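First comes the structure, then the notes that go with it.
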Amino acid sequence: MRLSCAAYSFREALTKREMSLSEFIRLCAELGLDGVELTGYYFPDTNRATLNALKRECFRYGLAVSGTATRNHFTHPDADFRKAQVEHVKQWVDIAVALGAPMLRIFADQGIPQGYLEAQAYDWSRACIEQALPYAEAQGVVLALETHWGLTADAERTLRFVRDLKSDYFGILLDGANTRENHYEMIEKLAPYAVSVHAKTHSRNARDEFFELDYERIFRILRAANFKGYVAIEYEHTEPAMPAVSRFAKRLLALRNRGR
C-alpha cells in the first residue's frame, strides 16, 4: 500500500488562501507520504500552465499524484442538467490526464431528489457513469466512485454499481467512515473492488456519536483483499488539521511499514 493525503483535509486553510496547493504538496513530502490527492475544489484555475506547475511541484518533491476529485450531480431530475454533468466529468478526466493522475473521484449523487424513488435515482446515476466511462477509458483514467451516503451509503447499495458497470476503468473509492453502522463489514465487502481508499480518523455510529476508527483492523482487511493502491488521509474531525494530519500520517506510516 501507498499513503497519500487529500487536499480536502486542509479545506479551511485552502479556501481562505492561508495555504496554497504548492504548500500542501510540500507538507505532504515533509510528512513522508508517497503521494497527494489534489481535490479539485481548491485549484486557483485549471489552465494548463497551472496544472503543469502542480505536476512539476509533485515531481520535484518525489510525490505521485494519486488522484484528483470533482463534484458532480448525477441524480438531478432534469435530463439536460445530467448531460452537462457528464460533460463536466469528461473535462475533469482531461484535467486528470494533464496532472498525471490515474484516478478521478466521482460521486453517485448529491442526494435523492424529493418525490423520486431511489430506484429512479440509481438508474440516472448509473446511466451517467456509463456515458462517461468510454471517454475515461480512452484517456486511461479510472473513475472512482466514492462511498458517500445516498446511493452508496452501504455496501449493498454500492455493489449495484460494481455489478452493473463492468469496466477496468471503474472502481470504488472506499471510505469506510461514510456510513452509520457496520463500518468494518462494509470495508470488508468493498475492499476487493477498491481502487483507492480514504482514511478518516473518526466516524459516527447510528446514535450520531463520534468514535475513532481502528486502522490496525482496517489495514488487515485491506491486505487480506490484496489492496496495493493508495490510502489517502481525508481529515474531517474537530482538531485543527495541521497537528492532527501530521500525527495521523505517522500512525499510518508505522502501520504500513509494520506490514511490509
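Determine whether residue 162 is surrounded by fewer than 21 Cβ atoms within 10 Å (Cβ to Cβ) and among the β-branched types (Val, Ile, Thr).
Working: surrounded by fewer than 21 Cβ atoms within 10 Å (Cβ to Cβ): yes; among the β-branched types (Val, Ile, Thr): yes.
Criteria met by residue 162.
Taking the range 55-73 as the range and being touching a Lys or Arg at 6+ places or on another chain (Cβ under 8 Å) and farther than 19 Å from residue 93 by Cβ as the test, the residues that pass are 57, 61. Kindly evaluate residue 231 against the criterion of being at pLDDT 95 or above, of a type in the set (A, V, I, L, M) and in a helix (DSSP H, G or I). No.
How do the helices (runs of 4 or more DSSP H) wholly within the range 10-87 filter down when requiring 1 or more residues that are farther than 20 Å from residue 101 by Cα: which remain?
Values: elements: 11-15, 21-30, 48-60.
So the answer is 11-15, 21-30.
Among the residues making up the range 200-228, those that are among the basic types (Lys, Arg) and either in contact with a Cys (Cβ under 6 Å, 6 or more places away or on another chain) or modelled with pLDDT under 95 (or both) are 204, 207.
Say we look at the range 33-63 and pick out the residues that are small (Gly, Ala, Ser) and touching a helix residue (DSSP H, G or I) at 6+ places or on another chain (Cβ under 7 Å); which of these is surrounded by the most Cβ atoms within 10 Å (Cβ to Cβ)?
Just the residues of the range 33-63 that are small (Gly, Ala, Ser), to begin with: 35, 40, 49, 53, 62.
Then keep just the ones that are touching a helix residue (DSSP H, G or I) at 6+ places or on another chain (Cβ under 7 Å); that gives 40, 62.
Numbers: 40: 18, 62: 9.
Among those residues, the one meeting the criterion is 40.
The values are calculated or read from the model by the stated rules, or taken from the named source; none is laboratory data. Keep in mind that this is a model prediction, so the values were computed, not measured. Cβ coordinates were reconstructed from backbone atoms using ideal geometry, including for glycine residues, and neighbour counts include every protein chain displayed.
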